[in-house]
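I have placed the structure first, in the form of structure tokens, so that the comments after it can refer back to it.
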Amino acid sequence: MHDLPTHSRGNAPLRHALLIHGAGAGGWEWNLWREVLHARGFVTVAPDLQPAAGGLAATSLDDYRDQVRAALAGLPRPCALIGASLGGLLAMLCADRVDALVLINPLPPAPWAAQLPSREWPDLVPWRRDARLASTRRAMPDADEAAALYALRRWRDESGRVLRQAYAGVEAPAPAGPVLCIASERDQDVAARTTAQFAHALGATLWRYPHSSHVGPLLGRDAAGTAVAVADWLSAR
């Protein structure tokens, strides 16, 4: 993987970024990152992915992908696409529309999706209904109590159809621009070794965080430092 030459972007600095959240979450996941990126001179957009007209259970991966593409259409180039978990997979599916990618513990495309743990997903995954502080804390062992409470009050239900499609594996073209992958060693959803293999195949830059959970880079105690490092990486593109 090679960085895009500066002249291919008309010498314009990369200062716009679209941030795509993971399954069961929302744009709120990026609040801290947005503060950091804004302080570093970036303009960011962090939308909530919306259900299709037929409801959340009828929502497909294509529905979410189309929303990401529509959001990108409103951003000036050059721009970056930053995705976490499911948002990372969606970012990969839209890589032809951006100049840099940051993938945080992404659900990988095929063939690496075969390494994901086997899961059964109902049509409507009731993460909001079933949210409990204890389970939220287990999912965020590297976050403080305030962050856990913040997330607990904001988890949302998710489309089982989207997750079944993602876990089955979808084809995604290799990005043409620079890619940064972040892998959390304490990730219980996407193994760090899977992200590492995926990153190696792409020729991407790989950062491994030994004490971080799946959502730790966004919501954990080291989230601000991670966001600063990513801002610096983007600024160097």
With each pseudo-label sitting 7 Å past Cα toward Cβ, what's the A73-E171 distance in nm, one decimal? 2.5 nm
Taking the Cβ of L124 as the centre, find all other residues whose Cβ is under 14 Å away and add up their charges (Lys, Arg: +1; Asp, Glu: -1). 0
Hey, any idea what % of the chain's accessible area is carbon plus sulfur with a 1.4 Å probe? 51 percent
Long-range amide H partners of L124, meaning residues 5 or more apart or on another chain whose placed amide H is closer than 5 Å, are G160
Taking every pair of alpha-carbon atoms in segment 118-237, give the share separated by more than 18 Å as a whole percent. 63 percent
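What full-extension length gain, to one decimal in nm, is calculated for R137 and S118 as 0.36 nm per residue of separation minus the Cα-Cα distance?
Values: separation 19, 0.36 × 19 = 6.84 nm, distance 2.28 nm.
Value of the extension gain: 4.6 nm.
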In nm, give the distance between the simple-model label positions of R129 and H211, each being 7 Å from the Cα along the Cα-to-Cβ direction. 3.8 nm
For the chain, with the dipole built from +1 on Lys and Arg beta-carbon atoms and -1 on Asp and Glu ones, taken about the Cα centre, which of M140, V228, A172 lies farthest toward the positive end? V228
Debye calc, one equal point scatterer per Cα of the chain, no solvent, log10 I(q)/I(0) at q = 0.17 1/Å comes to -1.32
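On average, how much accessible surface per residue is there in the chain, in Å², for a 1.4 Å probe, leaving out ligands, DNA and RNA? Provide the component values of the computation, followed by the final result.
Numbers: 10300 Å² over 237 residues.
Using a 1.4 Å probe on heavy atoms only, each residue of the chain averages 43 Å².
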Under Karplus coefficients 6.51, -1.76 and 1.60, residue-wise ³J(HN,Hα) of segment 106-111 in Hz, glycine/proline x: x, 5, x, x, 5, x
For segment 83-135 and segment 50-74, what is the separation of their Cα centres, given in Å? 14 Å
Relative to the compact-globule scaling 2.2 N^0.38 Å, provide the ratio for the alpha-carbon radius of gyration of segment 57-121. 1.18
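State, as an integer percentage, the relative contact order of segment 93-218 based on alpha-carbon contacts under 8 Å between residues 6 or more apart.
Numbers: 203 pairs, mean separation 45.6, N = 126.
With pairs under 8 Å counted, the relative contact order is 36 percent.
Just check segment 1-133 against the gyration tensor rule for me: Cα atoms, a ≥ b ≥ c as the square roots of the eigenvalues, rounded for a/c under 1.5, and otherwise prolate or oblate depending on whether a/b exceeds b/c.
Values: a/c = 1.95, a/b = 1.63, b/c = 1.19.
Verdict is prolate for segment 1-133.
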Want the number for W233 to V43: 0.36 nm per residue separation, take away the alpha-carbon distance, what's left? 66.8 nm
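The values are calculated or read from the model by the stated rules, or taken from the named source; none is laboratory data. This is a predicted model, so every value here is computed, not measured. Neighbour counts run over all protein chains shown; Cβ positions are idealised from the backbone, glycine included. Only protein heavy atoms, including side chains, enter the accessible area calculation; ligands, DNA and RNA are left aside. Shrake-Rupley method; radii C 1.70, N 1.55, O 1.52, S 1.80 Å.
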